[in-house]
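Student: The structure's right below; bear with me while I get my questions together.
The values are calculated or read from the model by the stated rules, or taken from the named source; none is laboratory data. Please read these numbers as outputs of a predicted model, since none were measured by experiment. Positions of Cβ are backbone-derived with ideal geometry, glycine not excepted, and every protein chain shown enters the neighbour counts.
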Amino acid sequence: MPIISPSILAADFANLQRDVEMLNNSDADWIHVDIMDGVFVPNISFGIPVTKAISKHAKKPLDVHLMIEKPENYVQQFKNAGAEIISVHYEACEHLHRNLQQIKALGCKAGVAINPHTNVSLLEDTIKDIDLVCVMSVNPGFGGQKFIENTYAKVARLKELILKNNASTLIEIDGGVNAENARPLIDAGADVLVAGSFVFNSSNPEDTILKLKSV
C-alpha cells in the first residue's frame with residue numbers, strides 16, 4: 001500500500017484547522033506542506049508560522065517540502081515548527097551532502113526533491129544518505145498542473161539506482177497525482193503519493209484519500 005501525503009497547499013486556508021482535522025480522520029499517512037519563497041519558484045505559499053499552526057492540530061507526520069533558496073538557513077526553524085520529514089531541492093543546494101547531514105542531525109528524515117529536468121543519476125553519490133526522493137511530476141510553484149508523462153520512466157530509473165546501491169530510500173511523487181496515474185506510478189517504483197487538488201477539490205476528500213490508498 002502506498003503512503004499517501006495530501007498537500008495542504010490545496011486546502012481552504014480560511015479553514016485550515018478543519019482541513020487538518022479531516023486529514024487526521026482520513027487514511028492519509030503524512031501531511032505534505034509546500035513551502036515556496038518566490039525566488040526558487042515563481043510563487044509564495046506560507047512559511048514557519050503557518051507550519052507551526054498546522055502542526056498544532058496535526059496528528060500525522062508533517063512532510064515539509066522546501067522549495068526555497070538556501071534551505072540550510074531554515075531547516076532548524078521548520079524542525080521547531082513540527083516538521084518530521086524535510087526535503088530540500090537538489091537544484092537549491094550547493095552542498096547537498098552537508099544539507100542532508102544537517103537535517104538528520106536535527107532528528108528529521110532527510111529528503112531531496114528534484115525538478116522535472118533533473119536527472120536521477122545526479123543522486124548516485126548521495127542516495128544512501130537520502131531517506132526520500134521527491135520526484136516533481138510537474139514544474140514546482142503551482143498546484144493543479146498537468147502530470148508530466150516522462151515521470152514513469154524517471155521513477156523506474158530512480159528505483160534501479162536505489163536497488164543498485166542497496167539504499168532504503170523512498171520515492172515520493174509530487175504533482176498531478178490522481179486515480180488514473182497512481183497505480184502505474186506504484187508499479188514503476190513509487191512509495192509515496194502527494195495529492196493536492198485531486199483530494200481537496202473532490203466532493204469527498206476522505207473517500208478520495210482511501211481510493212488512492214487502495215489502488
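Student: Cβ-Cβ below 7 Å, separation at least six or inter-chain, first residue in the stretch 14-28 and acidic (Asp, Glu), second surrounded by fewer than 20 Cβ atoms within 10 Å (Cβ to Cβ): which pairs?
Tutor: Listed by first residue and then by second, the contacts come to 19/12; 21/57; 27/210; 27/213.
Student: Okay, moving on. Just give me the residues in the stretch 42-59 being in contact (Cβ under 8 Å) with a residue 24 or more places away in the chain and small (Gly, Ala, Ser), in sequence order.
Tutor: Listed by number, the residues that qualify are 45, 53, 55, 58.
For (1) under 24 Å from residue 213 (Cα atoms); (2) under 14 Å from the mean Cα position of the chain (by Cα), each residue gets a yes or a no:
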| site | (1), (2) |
| --- | --- |
| 73 | no, no |
| 138 | yes, yes |
| 141 | no, yes |
| 155 | yes, no |
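Student: Sticking with this structure for a sec: Restricting attention to the stretch 16-30, does a residue exist that is in contact with a Pro (Cβ under 6 Å, 6 or more places away or on another chain), of a type outside the set (D, E, K, R) and farther than 16 Å from residue 204 by Cα?
Tutor: Yes, that holds for at least one residue.
Student: With the condition kept exactly as written, say whether any residue in the stretch 16-33 is over 27 Å from residue 182 (Cα atoms) and in contact with a Leu (Cβ under 9 Å, 6 or more places away or on another chain).
Tutor: No, the stretch 16-33 has no match at all.
Student: Just a yes or no: is a residue in the stretch 59-78 over 28 Å from residue 162 (Cβ atoms) and buried (at least 18 other Cβ atoms within 10 Å of the Cβ)?
Tutor: Looking through the stretch 59-78, none of the residues is over 28 Å from residue 162 (Cβ atoms) and buried (at least 18 other Cβ atoms within 10 Å of the Cβ).
Student: Please go through the stretch 120-159 and pick out each residue that is farther than 17 Å from residue 100 by Cα and touching a Phe, Trp or Tyr at 6+ places or on another chain (Cβ under 7 Å).
Tutor: If the condition is that a residue be farther than 17 Å from residue 100 by Cα and touching a Phe, Trp or Tyr at 6+ places or on another chain (Cβ under 7 Å), then 137, 138 are the ones that fit.
Student: Given the condition touching a Leu at 6+ places or on another chain (Cβ under 7 Å), under 24 Å from residue 67 (Cα atoms) and buried (at least 21 other Cβ atoms within 10 Å of the Cβ), answer yes or no: does some residue in the stretch 154-166 qualify?
Tutor: yes
Student: Working carefully through the options 195, 190, find the one that is in contact with a strand residue (DSSP E or B) (Cβ under 9 Å, 6 or more places away or on another chain), closer than 29 Å to residue 101 by Cβ and touching a residue at least 12 places away in the same chain (Cβ under 8 Å).
Tutor: Criteria check complete, one pass: 190.
Student: Among (1) touching a Ser or Thr at 6+ places or on another chain (Cβ under 6 Å); (2) surrounded by 15 or more Cβ atoms within 10 Å (Cβ to Cβ), there is one condition residue 4 misses while meeting the rest; what is its number?
Tutor: For residue 4, the exception is condition (1).
Student: Could you please find all residues in the stretch 52-90 being in a helix (DSSP H, G or I) and among the charged types (D, E, K, R)? Step through it out loud before you land on a result.
Tutor: Within the stretch 52-90, the first condition is being in a helix (DSSP H, G or I), and the residues that meet it are 52-57, 71-73, 75-80, 90.
Those that are in a helix (DSSP H, G or I) and among the charged types (D, E, K, R): 52, 56, 72, 79.
Student: Would you confirm, using the coordinates I've provided, whether residue 52 is at pLDDT 95 or above and on the phi > 0 side of the Ramachandran plot?
Tutor: It is false that residue 52 is at pLDDT 95 or above and on the phi > 0 side of the Ramachandran plot.
Student: Something else now. So which residues in the stretch 94-104 are buried (at least 17 other Cβ atoms within 10 Å of the Cβ) and not aliphatic (A, V, I, L, M), if there are any at all?
Tutor: 99, 102
Student: Right, something else. Being over 22 Å from residue 103 (Cβ atoms) and among the charged types (D, E, K, R): is that true of residue 21 here?
Tutor: Numbers: over 22 Å from residue 103 (Cβ atoms): yes; among the charged types (D, E, K, R): yes.
It is true that residue 21 is over 22 Å from residue 103 (Cβ atoms) and among the charged types (D, E, K, R).
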